[in-house]
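Here's the structure we're looking at; comments come further down.
Readers should treat all values here as calculations from the given coordinates under stated rules, not as data from a laboratory. None of the values given here were measured: they were computed from a predicted structure. Note: ideal-geometry Cβ built from the backbone for every residue, glycine included; neighbour counts use all protein chains shown.
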Amino acid sequence: MDAVNTSPSPQSMSTLYRENQRWLQDWLRRKLGDTHMAADFAQDTFLRILAGVAKGQSPVLHEPRHYLVTIANRVMVDHFRRQALERAWLDALALAPEPVQFSPETQLAAIETLCEIDAMLQGLGAKPRQAFLMSQLEGLGYAEIALRLEVTVSSVKKYMARATEQCLLFLVRAGEFAA
């Protein structure tokens, strides 16, 4: 499939899938070295595209394979980031002084929340994210953060304002905070 010059319709999505699914799965298998994971990621890639189309996000596809690789890479990054968050969550539970037992539903909700927070922090940019984490996790003041990041205190204040705004938006979207 060399070019699709219209927004994806159900028929063009079917064509996109039929003409590129095997190619994408082979590309993922070569990248990952795992046939089953490649098949899962290929399916997840097409599901993500379909979900976007359902939300009215219908890009014009001039280079469908480039688009598929871009989406597949995002699917992989999200998967491995989620895996790392799950490992960190389980490691934190293992270090708890008393054995802590959470139901599978509570664990899933916690991991999903961590993934959402991670995505929110990724949207900040490197320095604002670092400033926020230094403040919240290490308890550093703005002057110390400015020294470590080699920026001005004024920049740190701006970073923290942006991070706070992102946190409030996250809480509003999560329904935890009435605007």
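For the chain, the extents of the C-alpha atoms along the principal axes are 55, 43, 36 Å, listed from largest to smallest. Each of L32, L137, L16 has some number of other Cβ atoms within 10 Å of its Cβ, and from fewest to most they run L137, L32, L16. Ignoring the sites themselves, the chain has its longest run without GluC sites (Glu not before Pro) in a DSSP loop having at most 12 other Cβ atoms within 10 Å at 1-149. Taking Cβ atoms as reference points and 14 Å as the exclusive limit, the residues near L114 contribute a net charge of -3, counting Lys and Arg as +1 and Asp and Glu as -1. Computed over the range 123-174, the percent of Cα pairs more than 18 Å apart is 25. Label sites at A94 and H79, each approximated as a point 7 angstrom past Cα along Cα to Cβ, lie 2.3 nm apart.
Give, rounded to the nearest 20 debye, the magnitude of the charge dipole that the chain has about its Cα centre when Lys and Arg contribute +1 at Cβ and Asp and Glu contribute -1 at Cβ. The calculated dipole for the chain is roughly 580 debye.
Taking a ≥ b ≥ c as the square roots of the eigenvalues of the Cα gyration tensor, the range 10-86 is oblate, since a/c reaches 1.5 or more and a/b is not larger than b/c. Computed over neighbours whose Cβ is under 15 Å from that of I145, the net charge equals +3, Lys and Arg +1, Asp and Glu -1.
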